[in-house]
Structure formats: C-alpha cells, structure tokens
1. Against the definition (under 16 Å from Leu73 (Cβ atoms) and in a helix (DSSP H, G or I)), how does Ala51 come out, yes or no?
2. Looking only at segment 23-82, count how many residues are touching an Asp or Glu at 6+ places or on another chain (Cβ under 6 Å) and either surrounded by fewer than 14 Cβ atoms within 10 Å (Cβ to Cβ) or of a type in the set (Ser, Thr, Tyr) (or both).
3. What tally of residues in segment 13-45 results from selecting those that are of a type in the set (S, T, N, Q) and under 21 Å from Phe82 (Cβ atoms)?
4. Tally the residues that are within 19 Å of Phe74 (Cα to Cα), in contact (Cβ under 8 Å) with a residue 40 or more places away in the chain and either among the aliphatic types (A, V, I, L, M) or in contact with a Phe, Trp or Tyr (Cβ under 8 Å, 6 or more places away or on another chain) (or both), restricting the search to segment 1-33.
5. Might you check whether a residue that is within 22 Å of Tyr81 (Cα to Cα) and more than 12 Å from the chain's Cα centre (by Cα) occurs anywhere in segment 46-58?
6. For segment 1-48, which residues satisfy the criterion of being of a type in the set (Lys, Arg) and outside any helix (DSSP H, G or I)?
7. Are there any pairs, at least 6 apart or on different chains, whose C-beta atoms fall under 6 Å, with the first in segment 50-67 and under 19 Å from Leu16 (Cα atoms) and the second outside any helix (DSSP H, G or I), and if so, which?
Amino acid sequence: MKHPYEQYYKLQLATLLVAVVLAIIALFNLGHQWIILFMFYILAAGLAIEAFIELKKQQLISCISQLLRAIVLFIFVTILYF
C-alpha cells in the first residue's frame, strides 16, 4: 500500500536533486549567476512543497514554519540578486 502523500514526497525529492545538480553546475560556471538564483528558487519551492505536505497532515504549526522559510528564502535571494 502506497503512502497517501508519496507523490508529494517524490516531488520534494526531485526539487532537492535538481537544486544539487544546479549547485554543481554553478560551481563550474560562476559567470552565470542566474543558475544560482534558479537553484535557490527551486529550494524555496521544495520548502513550499514540504509546507503543503504538512498542511495535508493537518500539522498547521509546522506548515506555517516551512512556508515562512520558503517565503523568506525567496525574498532574500531576490533582493540579493537584483
């Protein structure tokens, strides 16, 4: 029997893997800073997905915590880049 949120967990894992791949690519292409920006946006999306999972499990405090982390990361990286 599958876990009810297995698809969301797979999506979260995929975002983390894509972020790691982009981090490795960014190490070798330091001239392309948009790759680093995109990596942080994907990390923020992973945190938002985790917040959605917590919301589905009805753990509101954990959901709010993860969502605030995602929002702060998104805003902070955007401010630093632009």
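Rule-based calculations on the coordinates, nothing more; no lab input. All values reported here derive from a predicted model rather than from experimental measurement. No Cβ is skipped: glycine too gets one built from the backbone with ideal geometry, and neighbour counts run over all protein chains shown.
1. Working: under 16 Å from Leu73 (Cβ atoms): yes; in a helix (DSSP H, G or I): yes.
Answer is yes for this residue.
2. We begin by selecting, within segment 23-82, every residue touching an Asp or Glu at 6+ places or on another chain (Cβ under 6 Å); these are 62-63, 66.
With either surrounded by fewer than 14 Cβ atoms within 10 Å (Cβ to Cβ) or of a type in the set (Ser, Thr, Tyr) (or both) added as a condition, the list becomes 62.
Qualifying residue count, segment 23-82: 1.
3. 2
4. Selection size over segment 1-33: 1.
5. no
6. Residues of segment 1-48 that are of a type in the set (Lys, Arg), as a first pass: 2, 10.
Hit for segment 1-48 is Lys2, nothing else.
7. Between residues of segment 50-67 that are under 19 Å from Leu16 (Cα atoms) and residues that are outside any helix (DSSP H, G or I), the close pairs are Ile53/Tyr5.
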